[in-house]
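One structure is given below, encoded as structure tokens.
Read-outs throughout are calculated quantities, based only on the coordinates presented, and are distinct from any laboratory measurement. Being a predicted model, the structure only gives us computed values, none of them experimental. Because the Cβ atoms are built from the backbone with ideal geometry, glycine has one as well, and the counts that use them run over all protein chains shown.
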Amino acid sequence: SLSIVRAAKTADAAEERFFQKLELEVEKVGKFTQRVVAELRQRLSNLQPKADKAAAAEGRTEDKERLMEDAKLIGEDYLQLEKYANLNYMGVHKILKKHDKLLPHSPCRQFYIAHLHQQPWVQGTYSDVLVHLSNVYSQLRGDQTGQKNEDAAQGFVRSTTKYWVRAEDVSHVKYHVLQHLPVFQFDKSDFAGDAQLINSVYFDNENLELYHGRLDKKPNAIALRIRWYGPGEPQKVFVERKTHRESWKVGAGFSVGFRFSSNCVTGITRA
């Protein structure tokens, strides 16, 4: 029998060209993002020793102001890069959505989005840039390092104000805050960017009495929890009892607690 070479379907060829073009654009965004992040890190690396030197010198406010401007430019460039990455991410989403709308017989959005999420510029975290930038600002402000409280038993009055922030504005808020306050890291030996893992286990009864009391902000409502920081198995855990009181009353809400070995948790919870 004769082997007949059939011409490729025009639709299949067009589909292949579409994905080739899209993949090239995705790779282009990734390469640009990596290059700019490397440049930002290098600029911070060059700025850090200058900030250390300016912080050690007294009466040289003009040097600190100049370095503050350099730090500000780095922060603004970081925010512009994040905006660039987010716009391109949303752009790919819209392209795939339009593709599936026009070609419902061969949808690809769900598959390609999974592939997109594996790209370094999408899943990668560059928050170390904000942490190092925070260190530069802190150095130039002359921040003083607080003393860590090593007491097993601790108690303090708590006053908090919480805000809703849109996901696309989180980095902007972080950047504006770090210009005035340093990024807090409870474990600098385990660097994980500007967000470190906090683990909390809350205790309650079958009726969720403590949960509903806190949710309804009832007077003297309490929350009882065990907390530890960072990934992996903890060596020490912190037991904390939080008591809610209205801020306008004398003796606002407060928290008391103590630390103990994680090996004792099972025995205490069963007691």
Considering only DSSP states other than H, G, I, E and B, which GluC sites (Glu not before Pro) in segment 34-69 qualify as loop sites with at most 16 other Cβ atoms within 10 Å? 58
Which trypsin sites (Lys or Arg not before Pro) in segment 17-81 sit in a loop by DSSP (not H, G, I, E or B) and have at most 16 other Cβ atoms within 10 Å of their own Cβ? 60
Roughly speaking, what is the stretch gain from residue 125 to residue 201, that is 0.36 nm per residue apart minus the C-alpha to C-alpha distance, in nm to one decimal? 24.7 nm
